[in-house]
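Engineer: Just passing along the structure, written as structure tokens.
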Amino acid sequence: MNVLVIDIGGTSVKILASGQAEPRKCPSGPTMTPAEMVSRVKGLADEWKYDAVAIGYPGVIHRGRVVSEPHNLAPNWVGFDFEAAFGCPVKLINDAAMQALGSYQGGIMLFFGLGTGLGSALVVEGNVVPMELAHLSYGDKTYEDYLGHRGLKRYGKEKWESYVRFGVARLIAALHPDDVVIGGGNVKNLKELPPGCRAGDNANAFIGGFRLWEEEGGRQGSPQKTVGAGSGKRERP
């Protein structure tokens, strides 16, 4: 089975299909509707062959459906028929959860995506648990306000990094993961990773998208179930 993976972000949409070596991308942003996304992706993938689609969506997915509008894109994503638009089966997953699935190596893994906003997910023995830690209170605002791109621009790299280290440490203390991965485009702005963490890679989002379809493609044994929708390994107490 050939799969087209679509990673939708607040500033760009990136795609990769089975058998292709290099991803392609186009701009997104606050004016992008789902219909426009589909049109642009079809143009980018015009000569690629695919039987199914996996979409990493920057918002809440429940039972394979979009249930909240994205914060950084245009509205009308809730209720949109992606299968009709693409003309093939489609699986939807939160974008941070998709990258988490692609980063997973075993045990209980906590994932943070430092991007336009703040993505988060937990993978427990291969089962993906999407989370919305970005909207938890942090000081007088939320985690996303301090750890997301707005926080980086507002406070500068040094202060932003201190907020990342403090926030990550608090969530590690609460959740006790075996492994912590920090991914997203802004991980490169950290001078040093918080203790017990390893760096993720945005390319892992594509691995996660392919893993979503592995069972249907006949490849068993990789993590792929979504609940409700290395050197960095930590020792559990």
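Engineer: How compact is region 143-197 by the rule of thumb for globular proteins, expressed as Cα Rg over 2.2 N^0.38 Å?
Structural biologist: Its radius of gyration relative to the 2.2 N^0.38 Å reference: 1.08.
Engineer: Compare Tyr50, Tyr104 by solvent-accessible area with a 1.4 Å probe and give them largest first, with all protein chains kept in place.
Structural biologist: From most accessible down to least: Tyr50, Tyr104.
Engineer: Here is a further query. Under a 1.4 Å probe, what is the accessible area of the chain per residue, stated in Å²?
Structural biologist: On the way: 10960 Å² over 237 residues.
Solvent-accessible surface per residue comes out at 46 Å².
Engineer: Next question. What part of the accessible area of region 1-114, given as a whole %, is carbon or sulfur when the probe is 1.4 angstrom?
Structural biologist: C and S fraction of accessible area: 50 percent.
Engineer: What GluC sites (Glu not before Pro) does region 122-203 have in DSSP loop regions with at most 14 other beta carbons within 10 Å? Intermediate values should be presented prior to the final figure.
Structural biologist: On the way: sites: Glu125, Glu132, Glu144, Glu158, Glu161, Glu192; in loops: Glu125, Glu132, Glu192.
Answer in residue order: Glu125, Glu192.
Engineer: Then there's this: Scan (i) 30, 20, 16; (ii) 34, 18, 15; (iii) 28, 21, 15 for the value of semi-axes √(5λ) of the Cα gyration tensor in Å calculated from this model and give just the label.
Structural biologist: Answer label, from the structure shown: (iii).
Engineer: Let me ask another. Using Cα positions and a limit of under 18 Å, work out the aspartates and glutamates in reach of Lys141, with same-chain residues fewer than 8 apart set aside.
Structural biologist: Glu132, Glu161
Engineer: Per the helix-only calculation at 222 nm, which mean residue ellipticity applies to the chain, given -39500 (n - 2.57) for every DSSP H run of n ≥ 4 and division by its residues, nearest 500 deg cm²/dmol?
Structural biologist: The helix-only estimate for the chain comes to -8500 deg cm²/dmol at 222 nm.
Engineer: Can you say what percent of the DSSP beta bridges in the chain, counting only those with both residues inside, are antiparallel? Round to 5.
Structural biologist: Numbers: 26 of 46 bridges.
Given both bridge residues lie in the chain, the antiparallel proportion sits at roughly 55 percent.
Engineer: Nearest 0.05, what FRET efficiency do Asp46 and Ala173 give at R0 = 41 Å with Cβ-Cβ as r?
Structural biologist: The value I calculate is 0.25.
Engineer: Two decimals, Cα atoms only, Kirkwood Rh: what is Rg/Rh over region 1-98?
Structural biologist: So for region 1-98, dividing Rg by the Kirkwood Rh gives 0.92.
Engineer: Using only the Cα atoms of region 65-189, what semi-axes does the equivalent ellipsoid have when each is the square root of 5 times a gyration tensor eigenvalue? Give whole Å, largest first.
Structural biologist: Listed largest to smallest, the semi-axes of region 65-189 are 26, 20, 12 Å.
Engineer: About its Cα centre, what dipole magnitude does the chain give when the only charges are +1 on Lys and Arg Cβ and -1 on Asp and Glu Cβ, stated in debye to the nearest 20? Each step should come with its number before you reach the end.
Structural biologist: Values: 26 positive and 25 negative charges, 118 e Å.
I would put it at about 560 debye.
Engineer: Give me the number: length gained by fully extending Asp201 to Lys25, i.e. 0.36 nm times residue separation minus the C-alpha to C-alpha distance, one decimal in nm.
Structural biologist: Separation in residues times 0.36 nm, less the Cα-Cα distance, equals 61.7 nm.
Engineer: Can you compute the modelled spin-label distance between Asn76 and Thr11, with each label point 7 Å from Cα toward Cβ, in nm?
Structural biologist: Those two pseudo-labels are separated by 2.6 nm.
Engineer: Distance check, please: which entries in Lys91/Lys188; Lys14/Lys91; Lys25/Lys49; Lys14/Lys191; Lys25/Lys153 exceed 19 angstrom between their Cα atoms?
Structural biologist: Among Lys91/Lys188; Lys14/Lys91; Lys25/Lys49; Lys14/Lys191; Lys25/Lys153, the Cα-Cα distance tops 19 Å for Lys91/Lys188; Lys14/Lys191; Lys25/Lys153.
Engineer: Which FRET efficiency, nearest 0.05, do Lys188 and His135 yield, Cβ-Cβ r, R0 22 Å?
Structural biologist: Result of the calculation: an efficiency of 0.35.
Engineer: Let me ask something else about it. Could you state how much accessible area Ser103 has, in square angstrom rounded to the nearest 10, with a 1.4 Å probe and all protein chains kept in place?
Structural biologist: Rounded to the nearest 10, the figure is 10 Å².
The values are calculated or read from the model by the stated rules, or taken from the named source; none is laboratory data. What you see is a predicted model, and the numbers here were worked out from it, not measured in a lab. Glycine gets a Cβ as well: all are built from the backbone with ideal geometry, and neighbour counts include every protein chain shown. These accessible areas exclude ligands, DNA and RNA; they are computed on the full protein's heavy atoms, side chains included. Shrake-Rupley method; radii C 1.70, N 1.55, O 1.52, S 1.80 Å.
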